Number of protein chains: 2
Amino acid sequence: MAKAGPGAKANAPRGKRATSYDVARLAAVSQSAVSRAFTPDAYISPSMRKKVLAAARQLGYQPNAIARGLTTSRSRVVALFMPNIGNPIYPFVLQTFSHRLRSHGRQILLLPLVENANEALACMLQYQIDGLVITAASPLALSKAIARKCLAAGIPVVLFNRYFADLKVASVNCDNARGGALAAEILHGAGHQRFAFIGGPEETSTHIDRYRGFADRLRAFGAAAPLIETGPYTYDGGHGAGMRLFARRDRPDAIFCANDVLAIGALDAARVGHGLQVPRDVSIIGFDGAPMAAWAGNDLTTIALRLVAMVESTVEVLLRAIDGQRAGSEPIRIPGDLVIRKSARMPGGSLPAAST
Amino acid sequence: MAKAGPGAKANAPRGKRATSYDVARLAAVSQSAVSRAFTPDAYISPSMRKKVLAAARQLGYQPNAIARGLTTSRSRVVALFMPNIGNPIYPFVLQTFSHRLRSHGRQILLLPLVENANEALACMLQYQIDGLVITAASPLALSKAIARKCLAAGIPVVLFNRYFADLKVASVNCDNARGGALAAEILHGAGHQRFAFIGGPEETSTHIDRYRGFADRLRAFGAAAPLIETGPYTYDGGHGAGMRLFARRDRPDAIFCANDVLAIGALDAARVGHGLQVPRDVSIIGFDGAPMAAWAGNDLTTIALRLVAMVESTVEVLLRAIDGQRAGSEPIRIPGDLVIRKSARMPGGSLPAAST
DNA sequence: GACTGGAGTGAATGCGCAGTCATATAATAG
DNA sequence: CTATTATATGACTGCGCATTCACTCCAGTC
């Protein structure tokens, strides 16, 4: 074949990658033809395409996405803003986004933790980002500022597992209020009397909706209003809240936590910190469906997000927005699924009740 | 100022972003001057730079990284291959990489989980990736194939927390053998007699080196060879291994696990599965320094990776390779730090010993 | 048999920028 | 006061591709 370059395919000499012209020359066609061969809906005969692709393969040619982006002024890259990964569901979310976007020919650029919204916007503009996904695992004020800037700059934005009441941005969420109500039904139905809620930062939509769903349903049952403890969405936050709650004389016997990491913190506060038995002395329900909720040491009853469905929906909304259709800003809500484990007594006593 | 466009800065009319020519016109200078103003080491007077930057700010101008990439033929983007995020240290690793690379003006493109190495290479070539980091959180065979292809294509590669004995690739690792030896010293020094090792996939360098360091040191002490159980690097892997070990008549009283997730699985197998007390009945030591090792319910003694140092070293090696200096393929080893908690008895009885 | 039209292809252009080269001005020397 | 050199700037080209436009070719038409 060609002259042998050390460790190189066909003729990729020294850091020089084949261009469409190289392929054109080899296939004895024009550069236009090469371009068409790699463009899905281009006007080209099957035989021509086949010939070009053969030559391309021989040279190890891949279209240069940079050059393509320059002419089309779209990068086919989507940015993801997801710093502060404290919630263990996000690795899976990230992986799922990556997979789904790839199947639509998109790549993911990871936006680093920036100081302010301008830095983020600069990054997006520089790389001609086609769209942005912001997950709840990011500082609220910063997320909002970034979303606002991007919208002003005409970059489509979709929020994942979060929404802003005062800013019209497309979003995909769990039906958090319904999840909270479900927790209330279970805990009340199991005969509990003294309820508590352990939440996260009070301005986040997950905190607000999960609490509201829980408290509203309790009120509908005529139960006493739940105690509330809040803190960051971390193990320590849940542990601290649990320690405070269990130290009270009117110690709660049923706790709903705004997420699983908080719940595991509360669980440890009960068992290790206060020597309580779960669910004999206290029932605890979490939210999210984090992997470690299933671990034998935790065995946490929780309301699991349908993460795959949520990601798919987010991708769909984003791609549609990129294609120019203005997305509605009404939050899309996807239900959560109750996962019954052993950290909470169930109505009907399907788990060892207090009589033990 | 300029005519008011709805929701637009100065004059960013309809999805049209300002170019260097626009800035040049406004500042009454040439396009070259604009380019120089945004190039760190360019030959330009301070006054000129100031004037250009002022005009750029007024237009909301950001250099188009795509166009820049086309002329410089480097994208300033680094790819990260890290699918299968099962180990909870990786979210932090990802965040740290992102942060560190950004401080060097680099962005991260997340490589999705691909079917084969060719897909990955295609992605790298299309986007003119400057370099690649492969973490241990990715399938071994695929990682190796990708690394091989990239090297052949002239793309610098650095492995994080992994190395290949039979392929010359730069890598940054924990000093795993030393960590294993440390675990052996502690467990032997605390008076344990029946040792076991719970590992991951047998061909991974972390498994091999951590086991070897452990077993070699035990042998040096004249102790019996440890029992070995292996499985995937998951909670279930550790739990299953633990259940098997504790069911034996010669049940081990000291277990070293190749990582923290395995160790937590083993811990739960001991406590929940077999009703054993830790560390009265068995000492367990993990590896990595995962966040949940610190949780009260686990309280796991472990050997913590110096993740920040490892990431910084990886970035340094990678950037040097991108700048053309061939990196050595000898693994860089960074020591791990013993974190003493309550899952293992310590030499000298600094924790409640078997006498309880 | 000249004419129309569809199908396929090639030539040419520009995307936005970095860098090279040439030029104009200011500073220094002789 | 001219010759020489720093210093700073502008004109221009090309990176690799998508795309537009013009063109060729050939089947069908009357």
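What to note about this one:
- Residue pairs, from the table A:Lys51/B:Lys149; A:Lys342/B:Lys342; A:Lys51/B:Lys144; A:Lys51/B:Lys16; A:Lys16/B:Lys168; A:Lys16/B:Lys16, whose Cα atoms sit over 28 Å apart: A:Lys51/B:Lys144; A:Lys51/B:Lys16; A:Lys16/B:Lys16
- Take A:Glu202, push a point 7 Å out from Cα through the beta-carbon direction, and compare it with the same point in every other copy: 5.8 nm, smallest first.
- Computed FRET value (nearest 0.05) for B:Arg212 with B:Arg244, which takes r as the C-beta separation and R₀ as 25 Å: 0.70
- Positive-end residue, the stretch B:176-306 charge dipole about Cα centroid, Cβ charges, pick of B:Ala304, B:Ala293, B:Ala225: B:Ala225
- Within a Gaussian network of chain A (alpha carbon springs, distance under 10 Å), most fluctuating of A:Ala263, A:Ala184, A:Ala152: A:Ala152
- Distant-in-sequence amide H partners of B:Arg306 (H built 1.01 Å from N, under 5 Å): B:Asp337
- Assigned charges on the beta-carbon of Lys, Arg, Asp, Glu; the stretch B:176-306 dipole about Cα centre (debye): 320 debye
- With every protein chain in place, chain B: carbon and sulfur % of accessible area (1.4 Å): 52 percent
- In chain B, helices alone account for a calculated mean residue ellipticity at 222 nm of -12000 deg cm²/dmol, with every DSSP H run of four or more residues adding -39,500 (n - 2.57).
- Counts of other chain beta carbons within 10 angstrom of each beta carbon in peptide B:66-72 average 6.
- Tensor-based shape of the stretch B:228-356 (alpha-carbon gyration tensor, a/c under 1.5 rounded, otherwise prolate or oblate): prolate
- Inter-copy label distances for A:Ser73: 2.8 nm (label point placed 7 Å from Cα along Cα→Cβ; shortest first).
- Contact order, relative form, for chain B: 15 percent (alpha carbon pairs under 8 Å, 6 or more residues apart, mean separation divided by residue count).
- Cβ-derived FRET efficiency at R0 35 Å, B:Glu312 paired with B:Glu202, nearest 0.05: 0.70
- Site pair A:Ser103 and B:Ser329 shows an inter-label distance of 3.7 nm when each label is modelled 7 Å from Cα along Cα→Cβ.
- About the Cα centre, charge dipole magnitude for the stretch B:17-57 (Lys/Arg +1, Asp/Glu -1 at Cβ), debye: 120 debye
- Distance between the 7 Å Cα→Cβ label points at A:Arg25 and B:Ile228: 5.5 nm.
- For the stretch B:240-331, the list of trypsin sites (Lys or Arg not before Pro) that fall in a loop by DSSP and count at most 14 other C-beta atoms within 10 angstrom reads B:Arg248, B:Arg249, B:Arg326.
- Exposed-loop-free span, longest in chain A, where chymotrypsin sites (Phe, Trp or Tyr not before Pro) count as exposed if DSSP calls them loop and at most 15 other C-beta atoms lie within 10 Å: A:44-220
- Label distances, nm, B:Asn118 versus same residue in remaining copies, Cβ-directed 7 Å point: 4.8
- Gaussian network model of chain A, springs between alpha carbon atoms under 10 Å - residue of A:Leu80, A:Leu262, A:Leu151 with greatest fluctuation: A:Leu151
- Partner shielding of B:296-302 amounts to 5, given as the average count of beta-carbon atoms from other chains within 10 Å of each residue beta-carbon.
- Close amide H contacts of B:Ser171 (hydrogens built in the peptide plane, cut-off under 5 Å, sequence separation of 5 or more or a different chain): B:Leu159, B:Ile332.
- Prolate/oblate/rounded label for the stretch B:113-261 (Cα gyration tensor, a/c 1.5): prolate
- Rounded if a/c under 1.5, otherwise prolate or oblate - the protein assembly as shown, Cα gyration tensor axes: oblate
The values are calculated or read from the model by the stated rules, or taken from the named source; none is laboratory data. All values derive from a computational prediction rather than experimental measurement. Virtual Cβ from ideal backbone geometry, glycine too; neighbours counted across all protein chains shown. Accessible surface is based on the protein model in full, side chains and every heavy atom, while ligands, DNA and RNA are left aside. Shrake-Rupley method; radii C 1.70, N 1.55, O 1.52, S 1.80 Å.
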